[in-house]
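Asker: Quick one: the structure is below, and I'll ask about it shortly.
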Amino acid sequence: MRNALYQYLSAQSGTLSTGEILMSFIAAIVIALVIFVSYQFSHAGTVYSAKFNVSLVMLTIVTTLVMSVIGNNVALSLGMVGALSIVRFRTAIKDPRDTAYIFWCIAAGICCGIQDFKIAGIGSGVIFLVLLVLGNVRSNDRYLLIVRGSGKSDEIMKTVNEYYEHKAQFRVDNSEKNRIELIYEISGKLREKCLQKHEGRELKDVLFQIEGVEAVHLVCQNDEITR
């Protein structure tokens with residue numbers, strides 16, 4: 001039984017002709033360029049990384065190379081799994097969409113490596129259209145309002161609540177004996193709404209009229225970058 005299994009695994013050789021190998025890599029390059037363009041469009045903001053985009057192209061080609069080596073050789077595929085299992089990636093993924101692109105590259109490389117160009121083409125086309133439509137979706141901005149100064153905080157808190165219609169979320173009070181530091185969290189929509197309501201007058205213009213207010217900081221935060 002053991003000998004029969006060994007002969008079966010050894011007989012399953014997946015040798016490809018030169019033309020088939022070239023066709024696989026040409027298809028992989030074409031799809032990799034589609035992925036490259038898709039990533040460029042959907043990450044047109046501040047998080048776009050040209051180096052990561054190039055690595056997606058290389059990942060598609062390398063996956064095609066691995067699948068071309070394996071072919072339908074079961075024994076070789078088991079050995080390849082064991083060899084690749086020692087690889088560890090330590091690079092942090094800054095954008096959750098990057099994970100989807102990595103899986104797209106691997107799937108496209110596998111399809112090209114096994115000569116299944118129909119699935120590779122149709123699947124990549126569908127994914128491209130979906131990411132083209134949904135790729136520009138951005139997380140809602142969140143703002144941290146930081147007010148520093150001296151004196152009492154009651155008037156400052158009253159002014160902030162009135163300006164933001166009591167919808168600003170109070171987060172931190174770092175007040176000392178002669179110093180105060182208040183931190184609020186507000187949404188981007190709330191800030192735009194209140195800014196229009198007050199005819200473009202910023203909250204800092206109101207706060208600086210209060211005696212003792214020395215500094216007002218507004219920090220924008222979202223899932224992509226803090227600016």
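Asker: For region 101-127, how many residues are open to solvent by 50 Å² or more (accessible area, probe 1.4 Å), more than 13 Å from Ile29 (Cα to Cα) and of a type in the set (Phe, Trp, Tyr)?
Answerer: 1
Asker: If only one of Ile210, Ile186, Ile156 is in contact (Cβ under 8 Å) with a residue 40 or more places away in the chain and within 30 Å of Ser42 (Cα to Cα), which one is it?
Answerer: Ile186
Asker: Another question about this same structure. Given the structure, is Arg191 basic (Lys, Arg), out of contact with any Leu (no Cβ under 6 Å at 6 or more places or on another chain) and open to solvent by 60 Å² or more (accessible area, probe 1.4 Å)?
Answerer: Against the criterion (basic (Lys, Arg), out of contact with any Leu (no Cβ under 6 Å at 6 or more places or on another chain) and open to solvent by 60 Å² or more (accessible area, probe 1.4 Å)), Arg191 does not qualify.
Asker: Here is a follow-up. Just to verify a result, which residue in region 14-46, among those that are surrounded by fewer than 11 Cβ atoms within 10 Å (Cβ to Cβ) and small (Gly, Ala, Ser), is modelled with the lowest pLDDT?
Answerer: By that ranking, first place goes to Ser17.
Asker: Here's a follow-up. Grab the strands (runs of 3 or more DSSP E) fully contained in region 118-204, keeping just those with 2 or more residues being touching a Lys or Arg at 6+ places or on another chain (Cβ under 8 Å) and acidic (Asp, Glu).
Answerer: In region 118-204, the matching strands (runs of 3 or more DSSP E) lie at 180-187.
Asker: Shifting gears a bit: Taking the criterion of being under 24 Å from the mean Cα position of the chain (by Cα) and open to solvent by 50 Å² or more (accessible area, probe 1.4 Å), would at least one residue in region 162-177 satisfy it?
Answerer: no
The values are calculated or read from the model by the stated rules, or taken from the named source; none is laboratory data. As the structure is a computational prediction, the values presented were derived from the model and not from experiment. Glycine also receives a Cβ, built like all others from the backbone with ideal geometry; neighbour counts cover every protein chain displayed. Accessible surface is based on the protein model in full, side chains and every heavy atom, while ligands, DNA and RNA are left aside. Shrake-Rupley method; radii C 1.70, N 1.55, O 1.52, S 1.80 Å.
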